[in-house]
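Colleague: There's a structure below that I have some questions on.
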Amino acid sequence: MADQTVPLGNSLGAAYPSSGTFLEWLHSWVVTVDHKKLGILYIAYGLFFLLVAGAEAMVIRYQLAFPNNHFVSPEAYNQIFTMHGTTMVFLAGMPIIFGLANYMVPLMIGARDMAFPRLNAFSFWLTAFGGLLLYFSFIGGFGLYGMGNAPDAGWFAYAPLTGSAFSPGHSMDYWALALIVAGFGTLGTAINIVATTLSMRCRGMTLTRMPLFVWLMLIVSAMTLLTITPLTAAQVMLLLDRYLGAHFFDAQAGGAPMLWIHFFWIFGHPEVYVLVLPAFAIANEVIPVFSRKAIFGYPAMVAASAGIGFVSFTVWAHHMFTVGMSWVGNTFFVLSTMVVGIFTGIKIFNWIATMWGGSIVFATPMLFCIAFVFQMLLAGLTGIMLSVAPWDWQLHNSYFLIAHFHYVLVGVIVIAIFAAFYYWYPKATGRMLSERLGKWHFWLFVIGFHVTFDTMHFVGILGMPRSIYTYQADRGWNTLNLVISLGAFLQGIAVAIFVWNLIYSYFRGQEAGSDPWDAWTLEWATPSPPPAYNFATEPEVRSRRPLWDLKHPSDPDWKYEA
Amino acid sequence: MSTAPIFADEEWRLPSRGKVAMLSLITGECGIFSIFVAAYLYYIGRSISGPTPRILEAPIFNTVCLLSSSLTIWLAEREIERGRMRAFGAWWGITILLGLIFIAGTALEWHTLIFHDGLTIHTNLFGTTFYSLVGLHATHVIVGLIGLSIIMIFTLLGRVNRSHAERIQVFSLYWHFVDAVWVVVFTVVYVVGR
Ligand SMILES: [Cu+2]
């Protein structure tokens, strides 16, 4: 019910109408066009695949824990690491991020829904069926006779390995088709978020007053338009090669496999920023609220994010130093990559400046965000090391590289997603997540993370290449690999605690009320969970912290915001 | 943009969501086209056997038809804004006709290339890149024609009126894009590539 301290009209009453039979409940979720329900569907779907891909990571780590191990067959191992990467990026990362955007963006800008609710539902179901298609590969084709047709060429699927001569059967067809389908879903959601942020804002929600979360999701969605489409185009070319006998990546007819590498990373590099900017977006909301201060350097944050967005389209070939380019190409991509470090530095500076002098509340969301800032710094530093071409020649495709990008993907993005769960779960369910379980989750995960990925840098420097099935006992990698695997299992336990927390708190959690964190953005002005229509009357906004203005009428922000 | 507090009597204007969405879709389409154009440019002169781009003849008449359809659809947009539905229907019909001529022209060109010159997508890199780039564009023309025809049917049934002007304009953006992209494809395939 409406919180009395926040007099935004919620007089229309209860949240969701109480559901009838199980079938009615199920029907209401399948046909829904409500951005909040779709957001939850996206997140639940992404979380499911996060667990699936996490389980695949556990298999990989068990296989590599000991030298000369044969826990799985080499064929299955190739499929598992390919599916791990593909799943994490396309079926876990993207859906969770777009689910968060789906749920939060309309609430934060005071809208009643997305600009195109039915397109929203359509996009979700496209993404969902794309994921099902990808996993159907395990049993599709001749799957039931053996290990199935799961893709096994790495998540980057380099040509010519993917050509029909080298990948007979349908494994690469599943990979390309599933990702094309999911890609169209992503494109639809991105269009929807751009249209929503630009055209659905409530009165007074000017661009300079939008919460940074919304700003960053706008930038991410705009980037997505130009990020996912090159991949779709390249995958169409791959299918033309495989089905119609075209020669795009066929070296025998003069085609250039290197062209695939270019196309893939024209997608692949901006994709990293499509994933990481939402992590920044989450930190931008959580850190100020738990530091009890307004964000430091709002315009600089927007500018730095837009800067990252632009620059990320000009750095793709830093994934290709070992392919061999001219010195002009090398120098250009070294320098453009280093520019990214400047923008990221601005952001880290602003987060620390926001915390500086604040009365920090060490609740679980904030703990995750503090770890986030620290790990972002370290990941950025190894990123700058790898951006230097001669260094990259030494360490490319070693575990040093794997350690670097997992530092970003796990230490920054997954950690920020955990922060988002602890922060917004009360809004979506009406109940707080258990702080006690949350702290166990946090400490076990962060310790496990550092045990795994800090160690991985060293085994990389010692020369262990990525994607290998097993290794000889005399390489000096044995202890390090065992340590890495133990850390991975520790993270697995932490995630299990997290999932238990989600289930337990849904039934037993403390009642949250509409605004448990004493926050300042509009989503906290609605009941928890918000009713289908979000706001009974359209809110009107006068500053970047509309709820602060309402709670402190004698000292509103808009007096000071120039 | 002013950051001063706004008051009830102030106007609050936001861009049309339809136009924003269509422009976003067009941005995404640009991503797809640029990859195919890049592949075309990269593979110019790299075929190791078979016909070369010299067999192509620039489809001037087709191009004129397609580009003038941008003008006729713009005239249709203007008519619906003024509520003159007959004139709207007429210009809309002419737009469809011009689109059909274009697609028929492409079909004839491909027929000659396949059966006379023996060029298929499988023949060599020229065939691969030519059919995929021109075919990608032709696919967009066909999708556009389907959309145009649906609107034409509703117009003939008398279901379209002045209040649909904005939606018509949003759809027309797509058609303008299809025409504009042809300029790029034409330049790449028939001017640079030959
Ligand atoms: Cu990169």
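Colleague: Just want the answer: with Cβ charges of +1 for Lys and Arg and -1 for Asp and Glu, which residue in A:His35, B:Leu25, A:Met338 is farthest toward the dipole's positive end in the protein assembly as shown?
Modeller: Selected residue: A:His35.
Colleague: Then there's this: Note down, for chain B, the three equivalent ellipsoid semi-axes (square root of 5 times each alpha carbon gyration tensor eigenvalue), biggest first, whole angstrom.
Modeller: Equivalent ellipsoid semi-axes, largest first: 38, 22, 11 Å.
Colleague: How high is the relative contact order of chain A, in percent, with contacts defined as C-alpha pairs under 8 Å that are six or more residues apart? Provide the component values of the computation, followed by the final result.
Modeller: Working: 915 pairs, mean separation 107.5, N = 562.
Answer for chain A is 19 percent.
Colleague: Where the accessible area of the protein assembly as shown is counted over protein heavy atoms with a 1.4 Å probe, how much of it, in %, is carbon and sulfur?
Modeller: Exposed carbon and sulfur together represent 70 percent of the surface.
Colleague: When you look at the Cβ of every residue in B:118-126, what mean number of other chain Cβ atoms sits within 10 Å? Kindly include the intermediate steps, with their values, before the conclusion.
Modeller: Details: counts 0, 0, 3, 6, 6, 4, 4, 8, 2.
Average per residue, whole number: 4.
Colleague: While we're on this one: Determine, for the protein assembly as shown, the count of lysine pairs separated by eight or more sequence positions (or lying on different chains) whose alpha-carbon distance falls under 15 Å.
Modeller: Final tally of qualifying lysine pairs is 4.
Colleague: Is the shape of the range A:469-548 best called rounded, prolate or oblate, per the rule: a/c under 1.5 gives rounded, else a/b larger than b/c gives prolate, else oblate, with a ≥ b ≥ c the square roots of the Cα gyration tensor eigenvalues?
Modeller: Prolate, since a/c reaches 1.5 and a/b exceeds b/c.
Colleague: In addition: Return the value, in Å² to the nearest 100, of accessible area buried between chains B and A (probe 1.4 Å, both sides summed).
Modeller: For B against A, buried area totals roughly 3600 Å².
Colleague: Quick one: accessible area per residue over the protein assembly as shown, 1.4 Å probe, rounded to a whole number of Å²?
Modeller: Heavy-atom SASA per residue in the protein assembly as shown reads 40 Å².
Colleague: For chain A, what is the charge dipole size about the Cα centre, in debye to the nearest 20, if Lys and Arg each add +1 at the Cβ and Asp and Glu each add -1 at the Cβ?
Modeller: In total the dipole reaches around 700 debye.
Colleague: For the full complex of protein chains and a 1.4 angstrom probe, list A:Ile43, B:Ile44 by accessible area with the highest value first. Intermediate results must be reported in sequence, preceding the final value.
Modeller: Details: A:Ile43 30, B:Ile44 60 Å².
Highest to lowest solvent-accessible surface, that is B:Ile44, A:Ile43.
Colleague: With all protein chains present and a 1.4 Å probe, how do A:Ile282, A:Ile139 order by accessible area, largest first?
Modeller: A:Ile139, A:Ile282
Colleague: Tell me, what is the FRET efficiency for B:Phe115 and A:Ile342 to the nearest 0.05, using R0 = 41 angstrom and their Cβ-Cβ distance as r? Present the calculation step by step, with values, prior to reporting the outcome.
Modeller: Working: r = 58 Å, r/R0 = 1.42.
It comes to 0.10.
Colleague: Keeping all protein chains in position, work out how much accessible area A:Thr337 exposes to a 1.4 Å probe, and write it in Å² to the nearest 10.
Modeller: The accessible area comes out at roughly 20 Å².
Colleague: Given the Cα-Cα distance of A:Ala353 and A:Asp474 and 0.36 nm per residue of separation, how much length would full extension add, in nm?
Modeller: Between A:Ala353 and A:Asp474, full extension yields an extra 38.7 nm.
Colleague: Which ³J(HN,Hα) values in Hz, rounded to whole numbers, follow from the phi angles of the range A:247-260 under the Karplus curve 6.51 cos²θ - 1.76 cosθ + 1.60, where θ = phi - 60° and Gly and Pro get x?
Modeller: Listing the rounded values in order: 10, 3, 10, 9, 4, 5, 9, x, x, 10, x, 4, 4, 4 Hz.
Colleague: Specify whether the C-alpha gyration tensor of the protein assembly as shown places it in the rounded, prolate or oblate class, a ≥ b ≥ c being the square roots of the eigenvalues: rounded for a/c under 1.5, otherwise prolate if a/b is larger than b/c and oblate if not.
Modeller: oblate
Colleague: Sort B:Ser49, B:Ser163 by accessible area with a 1.4 Å probe, largest first.
Modeller: Ranked list, largest accessible area first: B:Ser163, B:Ser49.
Colleague: Within 10 Å of each Cβ of A:256-264, how many other protein chain Cβ atoms are there on average? Please report the intermediate quantities before stating the final value.
Modeller: Working: counts 5, 0, 1, 5, 0, 0, 4, 3, 0.
Mean partner-chain Cβ count within 10 Å for A:256-264: 2.
Colleague: Here's a follow-up. Can you list residues from other chains, or at least 5 along the same chain, whose modelled amide H is less than 5 Å from the amide H of A:Ser398?
Modeller: A:Arg466
Colleague: Same structure again: Suppose R0 equals 51 Å; then what is the FRET efficiency for B:Arg86 and A:Ile139 from their Cβ-Cβ distance, rounded to the nearest 0.05?
Modeller: Computed FRET efficiency for B:Arg86 and A:Ile139: 0.30.
Colleague: Among A:Thr86, A:Cys369, A:Ala55, whose Cα projects farthest towards the positive end of the dipole of the range A:21-551, with charges put on the beta-carbon of Lys, Arg (+1) and Asp, Glu (-1)?
Modeller: A:Cys369
Colleague: Shielding of B:41-48 by partners, i.e. mean partner chain Cβ atoms within 10 Å per residue?
Modeller: Mean partner-chain Cβ count within 10 Å for B:41-48: 3.
Colleague: Separation between the A:Trp125 and B:Ile55 pseudo-spin-labels, each 7 Å from Cα along Cα→Cβ, expressed in nm?
Modeller: Rounded to a tenth, the inter-label distance reads 4.5 nm.
Colleague: Rounded to whole Hz and in sequence order, give me ³J(HN,Hα) for the range A:505-521 from the Karplus expression 6.51 cos²θ - 1.76 cosθ + 1.60, θ = phi - 60°, writing x for Gly and Pro.
Modeller: My calculation for the range A:505-521 gives 5, 4, 9, 10, x, 5, 4, 8, x, 6, 9, x, 9, 6, 9, 10, 9 Hz in order.
Colleague: Subtracting the Cα-Cα distance from 0.36 nm times the residue separation, let me have the gained length for A:Leu482 to A:Tyr158 in nm, one decimal.
Modeller: Gain in length upon complete extension: 113.7 nm.
Colleague: In addition: Along the charge dipole of the protein assembly as shown, which of B:Val64, A:Thr196, B:Ser132 sits closest to the positive end, that is, farthest toward it, with unit charges on the beta carbon of Lys, Arg, Asp and Glu (+1, +1, -1, -1)?
Modeller: Farthest towards the positive pole: A:Thr196.
The values are calculated or read from the model by the stated rules, or taken from the named source; none is laboratory data. Since the model is a prediction, treat every value here as computed from it, not as a measurement. Cβ coordinates were reconstructed from backbone atoms using ideal geometry, including for glycine residues, and neighbour counts include every protein chain displayed. Areas reflect the complete protein model, heavy atoms only, side chains present, ligands, DNA and RNA absent. Shrake-Rupley method; radii C 1.70, N 1.55, O 1.52, S 1.80 Å.
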